[in-house]
Number of protein chains: 4
Amino acid sequence: MNKPEIGIGLVGSGFMGRCHANAFRAVSGLFDVPGEPRLEMLADASDDLAARAAQALGFARGTGDWQALVADDAVDIVAITAPNVLHAPIAHAAIKAGKTVYCEKPLSTTAALALEMTEAAEAAGVVTLVGFNFLRNPMIKLAREIIASGDIGEVTGFRGRHAENYMADPDVPHSFRTDPRGGGALADIGSHIISMARYLLGPMAEVQADCRTIHATRPTAPGATERAPVEVDDMTHALIRFESGVSGSLEANWAATARTMDLSWEITGTKGALAFSQEQMNELQLWSGTAGRSGYTRIEAGPAHPPYGAFCPAPGHHLGFNDLKVIEVAELLAAHAGGPACTPDFREAYEVQSTVEAMQKSNASRGWISL
Amino acid sequence: MNKPEIGIGLVGSGFMGRCHANAFRAVSGLFDVPGEPRLEMLADASDDLAARAAQALGFARGTGDWQALVADDAVDIVAITAPNVLHAPIAHAAIKAGKTVYCEKPLSTTAALALEMTEAAEAAGVVTLVGFNFLRNPMIKLAREIIASGDIGEVTGFRGRHAENYMADPDVPHSFRTDPRGGGALADIGSHIISMARYLLGPMAEVQADCRTIHATRPTAPGATERAPVEVDDMTHALIRFESGVSGSLEANWAATARTMDLSWEITGTKGALAFSQEQMNELQLWSGTAGRSGYTRIEAGPAHPPYGAFCPAPGHHLGFNDLKVIEVAELLAAHAGGPACTPDFREAYEVQSTVEAMQKSNASRGWISL
Amino acid sequence: MNKPEIGIGLVGSGFMGRCHANAFRAVSGLFDVPGEPRLEMLADASDDLAARAAQALGFARGTGDWQALVADDAVDIVAITAPNVLHAPIAHAAIKAGKTVYCEKPLSTTAALALEMTEAAEAAGVVTLVGFNFLRNPMIKLAREIIASGDIGEVTGFRGRHAENYMADPDVPHSFRTDPRGGGALADIGSHIISMARYLLGPMAEVQADCRTIHATRPTAPGATERAPVEVDDMTHALIRFESGVSGSLEANWAATARTMDLSWEITGTKGALAFSQEQMNELQLWSGTAGRSGYTRIEAGPAHPPYGAFCPAPGHHLGFNDLKVIEVAELLAAHAGGPACTPDFREAYEVQSTVEAMQKSNASRGWISL
Amino acid sequence: MNKPEIGIGLVGSGFMGRCHANAFRAVSGLFDVPGEPRLEMLADASDDLAARAAQALGFARGTGDWQALVADDAVDIVAITAPNVLHAPIAHAAIKAGKTVYCEKPLSTTAALALEMTEAAEAAGVVTLVGFNFLRNPMIKLAREIIASGDIGEVTGFRGRHAENYMADPDVPHSFRTDPRGGGALADIGSHIISMARYLLGPMAEVQADCRTIHATRPTAPGATERAPVEVDDMTHALIRFESGVSGSLEANWAATARTMDLSWEITGTKGALAFSQEQMNELQLWSGTAGRSGYTRIEAGPAHPPYGAFCPAPGHHLGFNDLKVIEVAELLAAHAGGPACTPDFREAYEVQSTVEAMQKSNASRGWISL
């Protein structure tokens, strides 16, 4: 008995579009998904661009008109990897058409727009998922389970960071990343550590951030000699109070010269602690105390940590970044077919974006902001 | 213009068969391959098993007769993941049919049989590749380049190891792994560190090994209470002299309780050194000496280390084990289409197997053996 | 020709008093000091206690009257390891007597008192040194030199922490540590990371801290069942702007369950970065970028990093905590004999204490405080 | 009540002589020793040299005649840090005089001479101690206790190494280190990993080594242009069978470019494992297996690991190399005063030297040698 096919429509064909395509292609070889994804249609800025991208990424059809894609009956899931300013209109159209919507982060350019999208999706009852892929790591799920189990006691402190160096060079030009509508280090990668903090410790109650623009100007375009002012942060440090009472801090920094993927944190509890860094994404450090033998234990990802076993039956065979996207797509397909709701949905992505904006406001007002 | 299709015939559908299938599915989304792999046919122990496996892994057809698969005109590449004892007959048939042959390690159950396969393949002029997938790591290619560049000076010493714990429990039953025809820790995983040592430092001239069976008996089958003697090694330590004069040691150990994938080595040169462990597969340690600032530098995999960029345009997004298999398949397809020869071919795999057997002989004779 | 003797008077004989005594005993065997320390006199709470401590620590005489010690002609250097509330009166008396003063941190119970001590010492022209011993690490000196050299470019960010677990247990009783006059995690160990940040990056301009008391009550005394409220912080997170424009954050936490000595930081510059943790006190991580080979280099302490060579002529023989105190004493003796001024002197210790108080005020006012 | 004094006579004033002197000076401030060491007399190559060294190191008297020192009634313990060829005559004289003898390693230039010294000491009943200082590390004692407790099950494998780079440069001249009487990497530092392996796992039964001279010639003296052949090994790899049946390997390498103190090992048992490196001398890695949470735990040295507490009452304050020598001296003084016998005594040091010689013989004969 063959599984039903699920038609995938992808809007956008950049780095993330390619990630989506590859994940949809790979997923049924690794997971027992409820349907076989069929790469049905790809939309891009023009028919021509779309046709070429469709062929390169293995889609059956291409179109320069994303509205045609959203409306197409053969498309069951709309995957949005288009520029941030297009997320809202595409998502609204897809929601109206009753499609499952899979959107890259940030959900939109403002929290207000993200809230409208969220409410529309909830009213329509469609399945939504936003691509905070680092949450898919089996080690992160394990961390959440350990916290929930009480094995580290009551959580007291959080210290987190997402630091990379892709904007460290002052000659990296302006792009959507430096667009004040959704851009900046805090919005771009701070959102990852915020989403992970929420996933592990729940909502934040109050924040106070210090945002800083390190490079005052950048070239207006790749190769341009003309420079324009930068209006977004390169580096933000923030204080946090969670609703649970836990206090902590986080940093978002895309000019961290020495770092390529320091999405890392330590969570301290009254009886133990956990530590993680995406730079060693197949490891979780768990501290437990036995007289004379206490210390951090380096737990290595393995079949005991679902869904690692979907990729390999033995421990020690590490997962990579692209595998996280495959896990994301597997959870999306399950939810699409009526399985458990996947997270982060639009609501959760809106909450992350609200937190980013609260931090930005606290920077402007130089005081704490309640969420 | 569409690329030509390349028909894949897979014999075997266990863990490694599944790896092959997934890699062939994924490769054209990641690499600019000369042809699109078409999952044409899968052979297994019976028609029924094969039909089910074909569907699960995405192959068009299944067959209980591997000879039919090898002979099928729609099959261009024969991928062998069947039990070790079948490697030789399948490969010989595929070579006779002029097919490209992609075989899992070990090439055969004895070096003598491996040599026959090698000579047949060379006489027929077919493309061959043996699945020593850890060699595909961009960090290993980088290590080889650094050694060749002379940046660490003249190499003086090697210290290597492949240690895992999958046979540490004395109640793990007998299987093909404990079959004296190709089994044992040295043959099973020692072959990986031997192939890597050869890839980096060239052939060995003399060896002296000490093989030890830790668990004298194992259950005859999964769940069996009856136990039978073990005739293969659980742990081997060996001394090595390379043809270049470099001396060193290696360990193969599948009862290394604390290790899941310690495929690791340090290579010392007169001016620097390199160190690697598969447990941190996205890192290479390079030592260089500057007065007061010498030390190991942790180089992290990134787009500067091909073919990392095929997976991700930014550093810090780690590759995983399954990605190595995709790289292997990309190199295979290129060679199949007339591109550069891929390595390790049958000849190289035979040399690895010869080295394993020389170590086993040196253990028996309690003296050095020249290769 | 024998060196002159330098008479040492020690007030206090707890853990730190013992450290001082041992450092004075050891220093001339390791450093070419200008004079041989003579353990002349020890003062404690009573004549009897002092006599016993003097014998245990190798001092010639004991006294229950610290004023007698300060006034004694045979005492050239007054070392203060008494309770914090006594630092001011002892130091003022020693300054008045023209003695060199070596005081443990914090300099006093308030910044105002610390300023009075500073001004008295400066007016009298006496040599002062405050025991921020972690600054004595050769790796910290190396870090400072690298920053000053411009090798990491212009500094852009700081992320620091001092986290230990000695107060993690809610049943650790009240003591001088929880006395609001100078107590709390921020004052007790936050002062170390503040002093180190200042040593490396200069003064801070503005701060905003969030102080939290995790354990609301503690036993009134060791073994007591009665509990009293805790008025000081167990954990503080703070935002920082340095005068140079560098921004960053720090954490002080004495309830960090998993940490024993995480006095650590990362300093990012436009061209490189440095990272350090006291948990690997013999290492400094230096990031430098070479295409395809960039990464952190682990520099290990060795003779190239003075005064490491005073302890051992070869690299790899690690220094320990007590060695840092010996280095401190060697610098003190040199300054006492007219050599280069040692740091941190009272002025610098006052600045650290001012910074601590500014952070406490910012916590109370819930806003930024300028220094 | 004052403790009795114990007169120390030191022969030799190089790096190790200085270490001894400093340890004797420091020990009573840190340990509750049965007597106060009195630095009584130092012997060196001439009266003049000895007088200067005595003053620099704090000894009361100097002499050019070590026989006078050995015979002096005020000398209770004879500490030997003289050139290796002098160990035997000095030790025999000290034994004859009934003195406690504290000798640096190697005990003598041949195992035969070492055995004579051992038998003489045993016949005379004097206390002896040989300076394998790395054994004094509290983490090594902890490792031994864990192994003895059975917590890692039955030991199955050993993999050890002592690698440094002090002879990596071919222009490091000849010295006592390259003298075939006791020289070479195996004798010089291989003896440390052999002594540690014996301390943890007991005696070896059979060995097979491969010794290699990397640099065929070296300058005859510091700064000399003339070069002479090198007759000792720069690097040795060896296979080992312990009496217990455990098998393993070790490496001794003083031309390991990237290493300053890689005295390291992993010991695997049927239920767990231990790992250590002197490069992180305040840590012991202990692997234990709990489903889904197994891994190496990094145990950090602290007061739970005697005699760490003698140096510091809190964990996280690391010990350094020189502290190990203080521990050694504390154990020596206790044994001198009739306390528990200290180890390694002459007998144990002879066994280490025998093992070194067996490895050298196995290299010459190219076969296994039984001990």
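The values are calculated or read from the model by the stated rules, or taken from the named source; none is laboratory data. These figures come from a predicted structure and were not determined experimentally. Glycine also receives a Cβ, built like all others from the backbone with ideal geometry; neighbour counts cover every protein chain displayed. The protein model used for the area step is the full one, side chains on, heavy atoms only, and it has no ligands, DNA or RNA in it. Shrake-Rupley method; radii C 1.70, N 1.55, O 1.52, S 1.80 Å.
A few remarks follow.
- Of the residues making up the stretch C:46-73, those that are modelled with pLDDT of 95 or more, of a type in the set (A, V, I, L, M) and open to solvent by less than 30 Å² (accessible area, probe 1.4 Å) are C:Ala50, C:Ala53, C:Ala54, C:Leu69, C:Val70.
- Scanning the stretch D:82-119 for residues that are in a loop (DSSP other than H, G, I, E, B) and crowded, with 20+ Cβ neighbours inside 10 Å returns D:Ala82, D:Lys99, D:Glu104, D:Lys105, D:Pro106, D:Leu107, D:Ser108, D:Thr109.
- Residue count for the stretch D:26-40, restricted to those that are open to solvent by 50 Å² or more (accessible area, probe 1.4 Å) and either among the small types (Gly, Ala, Ser) or without any contact (Cβ under 8 Å) to a residue 60 or more places away in the chain (or both): 3
- Candidate set from the stretch D:246-270 (those that are of a type in the set (D, E, K, R) and more than 7 Å from every other protein chain (Cβ to nearest Cβ)); member that is nearest to B:Ala168 (Cα to Cα): D:Glu266
- Options C:Ala74, C:Ala45, C:Ala79; residue that is closer than 24 Å to D:Leu30 by Cβ, assigned by TED's automatic domain parsing to the domain that holds C:Cys19 and part of a loop (DSSP other than H, G, I, E, B): C:Ala45
- Here A:Ala228 passes the criteria (1) among the hydrophobic types (A, V, I, L, M, F, W, C); (2) over 15 Å from the mean Cα position of the chain (by Cα); (3) within 14 Å of another protein chain (Cβ to nearest Cβ) except the one numbered (3).
- Residue identified as without any contact (Cβ under 8 Å) to a residue 40 or more places away in the chain and either under 16 Å from the mean Cα position of the chain (by Cα) or within 26 Å of B:Ser294 (Cα to Cα) (or both) among C:Ser175, C:Ser149: C:Ser149
- Subset of the stretch C:239-253 [open to solvent by less than 10 Å² (accessible area, probe 1.4 Å) and not hydroxyl-bearing (Ser, Thr, Tyr)]: C:Leu239, C:Ile240, C:Phe242, C:Val246, C:Gly248, C:Leu250, C:Glu251, C:Ala252, C:Asn253
- Answer from C:Val329, C:Val352, C:Val356 - the residue that is farther than 19 Å from C:Val127 by Cα and under 17 Å from the mean Cα position of the chain (by Cα): C:Val356
- Test: residue in the stretch D:292-300 that is among the basic types (Lys, Arg), in a strand (DSSP E or B), at pLDDT 95 or above and closer than 23 Å to B:Thr260 by Cα: yes
- Candidate set: the stretch C:120-151, residues that are polar (S, T, N, Q) and under 30 Å from C:Thr270 (Cβ atoms); chosen: the one least open to solvent (accessible area, probe 1.4 Å): C:Asn137
- Filtered by the rule that a residue be open to solvent by 50 Å² or more (accessible area, probe 1.4 Å) and assigned to a loop (DSSP other than H, G, I, E, B), the stretch B:281-291 gives B:Gly289, B:Thr290, B:Ala291.
- Residues in the stretch C:231-245 that are out of contact with any strand residue (DSSP E or B) (no Cβ under 6 Å at 6 or more places or on another chain) and away from chain A (no Cβ under 14 Å): C:Glu231, C:Val232.
- The residue that is most open to solvent (accessible area, probe 1.4 Å), counting only those in the stretch C:259-280 that are touching a helix residue (DSSP H, G or I) at 6+ places or on another chain (Cβ under 9 Å) and among the polar types (S, T, N, Q), is C:Gln280.
- Considering each residue of the stretch A:320-336 in turn, none proves to be among the aliphatic types (A, V, I, L, M) and at pLDDT below 95.
- Answer from A:Gly320, A:Gly309, A:Gly316 - the residue that is under 20 Å from the mean Cα position of the chain (by Cα), within 21 Å of B:Asn322 (Cβ to Cβ) and free of Cβ contacts under 8 Å to residues at least 40 places away in the same chain: A:Gly320
- B:Ala43 vs. criteria under 29 Å from A:Ala21 (Cβ atoms), crowded, with 22+ Cβ neighbours inside 10 Å and not acidic (Asp, Glu): no
- Scanning the stretch C:169-220 for residues that are buried (at least 24 other Cβ atoms within 10 Å of the Cβ) and in a loop (DSSP other than H, G, I, E, B) yields C:Gly182, C:Gly184.
For (1) away from chain B (no Cβ under 14 Å); (2) farther than 30 Å from B:Met167 by Cα; (3) of a type outside the set (S, T, N, Q); (4) in contact with a Gly (Cβ under 6 Å, 6 or more places away or on another chain), each residue gets a yes or a no:
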| residue | (1), (2), (3), (4) |
| --- | --- |
| D:Leu135 | yes, yes, yes, no |
| D:Val155 | no, no, yes, yes |
| D:Gly160 | no, no, yes, no |
| D:Pro170 | no, yes, yes, no |
| D:Phe176 | yes, yes, yes, no |
| D:Leu186 | no, yes, yes, no |
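- Test result for C:Ala256, outside any loop (DSSP other than H, G, I, E, B) and either touching a Lys or Arg at 6+ places or on another chain (Cβ under 8 Å) or open to solvent by less than 10 Å² (accessible area, probe 1.4 Å) (or both): no
- Qualifying residue in the stretch C:348-360 (condition: open to solvent by 10 Å² or more (accessible area, probe 1.4 Å) and either of a type in the set (Lys, Arg) or more than 24 Å from C:Gly182 (Cβ to Cβ) (or both)): no
- Test set (1) open to solvent by 10 Å² or more (accessible area, probe 1.4 Å); (2) in the same structural domain as B:Gly157 (by TED's automatic domain parsing); (3) of a type outside the set (Asp, Glu) - B:His336 fails condition number: (2)
- Of all residues in the stretch A:273-291, those satisfying the criterion of being more than 11 Å from chain C (Cβ to nearest Cβ) and either in contact (Cβ under 8 Å) with a residue 24 or more places away in the chain or under 18 Å from C:Asp262 (Cα atoms) (or both) are A:Phe276, A:Ser277, A:Gln278, A:Met281, A:Asn282, A:Glu283, A:Leu284.
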